[in-house]
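Quick notes on the structure that follows.
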Amino acid sequence: MNTGLWILVAYTLVLLGIAYYVSLRDKKSIRDFATADSSLGIFVLTLTFSATYHSSYAFLGASGFVYNHGIGWWANGIWTVFPGILFWIIGRRFWLLGKRHGYLSIAQFMSDVYESDLVGLLVTIITLLFSLPYVAMQAIGSGYIFETISDGALSYELGTLIFFAIMIILVWMGGMKGVAITDAAQGVFMWIGLVIGSFIVLKGNFPSIAGAYEAAFAQIPEHFSLPGPKGLITSADWISRWTVITIGMMMFPHITLRFFSGKNLKVLKWSSVFSSIYLTSIYVFTPAIGLAGNILMPNLKTPDTIFPELLLKYTPLVFAALVISGALAASMSTGDSQLHAVGTMLSTDVYKKYINQSASEKKQYKVAKGAILVLGIASVIIALIKPGLLGDILALSNGGVAALAPAVLGSIYYKKANKQAAIASILIGEAVMLLTTFVVKSPWGLMPGLWGMIIAFLIYMTLCQFGQPSTRAVELITEINEFFYQQPENVSK
């Protein structure tokens with residue numbers, strides 16, 4: 001076994017040790033497993049949200065996207081600022097309702113607020129279906145990592161299976177607390193690895209960061225123009241990409257569970273601020289890495305691996321292996337969170353509701369762990385098929401859940417919300433997204449996910465004008481407004 005693999009093994013053992021330590025304090029209940037019993041502080045919540053929001057795409061897909069399409073990638077940097085803002089604006093409302101009414105998932109809340117089990121079931125099915133390729137994206141990234149760092153000694157397939165095993169153990173042992181605390185450790189490692197690692201690669205090959213851009217501009221000037229060398233980054237693509245990814249990510253269960261997990265509103269508020277800072281700063285050198293990669297390693301067969309390839313070629317092996325462990329952290333912090341979230345949803349929103357209504361919290365806890373194993377296997381199967389570049393998978397997954405946004409946001413803001421509008425907007429929005437992805441060319445260059453979200457919004461707002469408003473929606477929105485707008489001092493508590 002080479003030095004790089006030994007370092008990855010050591011890193012993995014440390015993570016498992018943390019998860020095991022947390023498991024000793026696990027209450028073995030679904031509430032503790034799902035939301036850490038709303039006990040997370042600012043540091044852990046900031047990093048678990050940030051590390052979960054970003055994934056193997058941060059280490060692999062982003063620089064690979066720049067390598068292929070040029071500087072226009074940074075036009076989408078807006079998606080690194082808005083998540084923290086939305087985490088506060090949307091998250092505080094769900095946090096309050098979770099505290100007062102005991103919701104453990106968005107699907108559970110949606111069933112209640114729309115007074116319709118069908119709405120909650122649709123949310124569960126859609127988030128489950130589009131979470132699987134997203135988890136698979138993390139396994140794909142990890143497969144590349146193991147293959148690259150072992151210089152081919154470990155195949156992509158074996159690396160993917162190793163990642164799956166580690167991820168399942170982490171989630172089983174720790175639940176939300178274990179996932180959150182290991183995410184926090186991995187979030188620190190991600191930032192150091194991506195920012196410091198990029199800086200060292202660039203400074204080792206160019207007189208300065210500016211010099212790296214100048215050298216790239218001299219050799220590949222087409223990468224400094226819009227819509228880029230392959231014509232991808234048009235205005236329509238830019239608007240689509242940041243809108244769909246920013247809003248879509250906030251609909252995923254691994255993000256929404258974190259709405260309910262903060263200790264108090266002060267924790268949620270400051271976690272939102274620090275998350276925006278973290279998510280923006282982690283990409284500061286990504287454009288330079290992607291562009292310089294075209295000079296240092298032209299015609300790379302798999303552009304998504306450009307950053308680890310540069311590390312292994314231009315930095316000491318021990319350092320490169322440590323930084324690449326950060327890439328594994330990026331994959332694992334999202335993969336384990338997503339499996340944890342969808343496993344929780346299946347336990348609380350399907351098993352408890354439709355199969356065994358008398359199930360105890362301990363029984364739900366066991367069912368969640370079993371669901372995680374099954375979903376993990378399904379994700380690995382998808383990963384072994386290698387369905388495409390990470391950026392493409394990211395867009396598809398986010399587009400799929402973005403169609404839920406009108407119904408989810410309407411449930412906490414719009415007193416005319418009703419179940420007919422929610423059901424129709426979800427079904428038609430998803431149909432439009434799938435149609436423009438697989439059947440017809442998406443009009444005007446907009447991404448399919450944006451069309452799905454736009455049509456879902458129009459359907460939702462139209463039907464809300466004609467249907468009977470949900471009594472429960474009126475009650476909960478009134479409760480939210482009274483708390484935040486008639487008692488503003490509550491926000492700082």
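Using a probe of 1.4 angstrom and keeping all protein chains present, the accessible surface of segment 265-356 works out to 30 square angstrom per residue.
Here r is the Cβ-Cβ distance between MET461 and TYR354 and R0 is 41 Å; the resulting FRET efficiency, rounded to 0.05, is 0.85.
Quick check: net charge around GLN465, other residues with Cβ under 15 Å of its Cβ, Lys/Arg +1 and Asp/Glu -1? Present the calculation step by step, with values, prior to reporting the outcome.
Working: positive: LYS415, LYS416, LYS419; negative: none.
Surrounding charge for GLN465 is +3.
Pulled fully out, how much extra length does the chain show between VAL9 and ILE277, if you take 0.36 nm times their separation in residues and subtract their Cα-Cα distance?
Values: separation 268, 0.36 × 268 = 96.48 nm, distance 3.06 nm.
Value of the extension gain: 93.4 nm.
Projecting the Cα positions of LEU458, PRO448, PHE217 onto the charge dipole of the chain (unit charges on Cβ atoms of Lys, Arg, Asp and Glu, taken about the Cα centre) puts LEU458 furthest along the positive direction. Would you work out if segment 349-458 is rounded, prolate or oblate? Take a ≥ b ≥ c from the square roots of the eigenvalues of the alpha-carbon gyration tensor; rounded if a/c is under 1.5, else prolate when a/b is larger than b/c, oblate otherwise. Oblate is the answer for segment 349-458, as a/c is 1.5 or above yet b/c matches or exceeds a/b.
Please report the relative contact order for the chain, taking Cα pairs under 8 Å with a sequence separation of at least 6, and give it as a percent rounded to a whole number. Write down the numbers at each step before the final one.
Numbers: 873 pairs, mean separation 148.7, N = 493.
Result for the chain is 30 percent.
Taking all Cα pairs closer than 8 Å and separated by 6 or more residues, the relative contact order of segment 393-478 comes to 44 percent. In the context of the full set of protein chains, segment 131-233 has a per residue accessible area of 36 Å² (1.4 Å probe). For the chain, the residue among LEU232, ILE89, TYR57 whose Cα projects farthest onto the positive side of the dipole built from Cβ charges is ILE89.
Evaluated with a Cβ-only charge set (Lys, Arg +1; Asp, Glu -1), segment 219-294 carries a dipole of roughly 460 debye about its Cα centre, given to the nearest 20.
Post the alpha-carbon centroid distance, segment 267-311 to segment 176-229, in whole angstrom. Comparing the Cα centres of segment 267-311 and segment 176-229, I get a distance of 4 Å. Accessible surface of the chain, 1.4 Å probe: 68 percent of it comes from carbon and sulfur atoms. Within the chain, the whole DSSP H helices whose Cα atoms reach 20 Å or more along their own axis and whose mean Kyte-Doolittle score is at least 0.5 are 3-23, 117-149, 156-191, 235-249, 265-281, 317-345, 361-385, 419-438, 448-464.
Based on the alpha-carbon gyration tensor of segment 89-141 and its eigenvalue square roots a ≥ b ≥ c, which shape applies: rounded if a/c is under 1.5, prolate if not and a/b is larger than b/c, or oblate? Here segment 89-141 falls in the oblate category.
Taking each DSSP H run with n ≥ 4 as -39500 (n - 2.57) and averaging over every residue of the chain yields -23500 deg cm²/dmol at 222 nm.
The values are calculated or read from the model by the stated rules, or taken from the named source; none is laboratory data. Here the structure is a predicted model, which is why all the values come from computation and not from measurement. Please note: Cβ atoms are built from the backbone with ideal geometry, for glycine as well, and neighbour counts cover all protein chains shown. When the accessible area is computed, the model is the full protein with side chains, heavy atoms only, and any ligands, DNA or RNA have been set aside. Shrake-Rupley method; radii C 1.70, N 1.55, O 1.52, S 1.80 Å.
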